[in-house]
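Every number here is computed from the coordinates shown, using simple stated rules; none is lab data. It should be emphasised that the depicted structure is a prediction, and the values quoted were computed from it without experimental measurement. Positions of Cβ are generated from backbone atoms using ideal geometry, with glycine treated the same way; all protein chains shown enter the neighbour counts.
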Amino acid sequence: MAAQVTRAIKLNYIVSVGEGETQTNPDEHSESMWATQEEVRGQDVTDEMRAVIWEPWSAVSIRFGWT
């Protein structure tokens, strides 16, 4: 049996949000979370996903002088 190939396009955005709960579409996502940098460091994610998370975070930190 041939392996099934799955393709996906992942788009990441930097957003500013107000108060309130997040809602995700259960057909598209299994979970979501708001996290501090320290909480992200403790997550079990691939190196690739970690880069996806840190790159925009670093850019925003520099932009707003959070470094």
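Side notes on the structure shown:
- Among the chymotrypsin sites (Phe, Trp or Tyr not before Pro) in segment 19-61, those placed in a DSSP loop whose Cβ has at most 10 other Cβ atoms within 10 Å are 34.
- Which labelled figure in (i) 50; (ii) 64; (iii) 58 is percent of Cα pairs over 16 Å apart, once derived from the coordinates: (ii)
- Taken about its Cα centre, the chain carries a charge dipole of about 320 debye when Lys and Arg each add +1 at the Cβ and Asp and Glu each add -1 at the Cβ.
- Highest-MSF residue in the chain out of 28, 39, 55 [GNM, Cα springs under 10 Å]: 28
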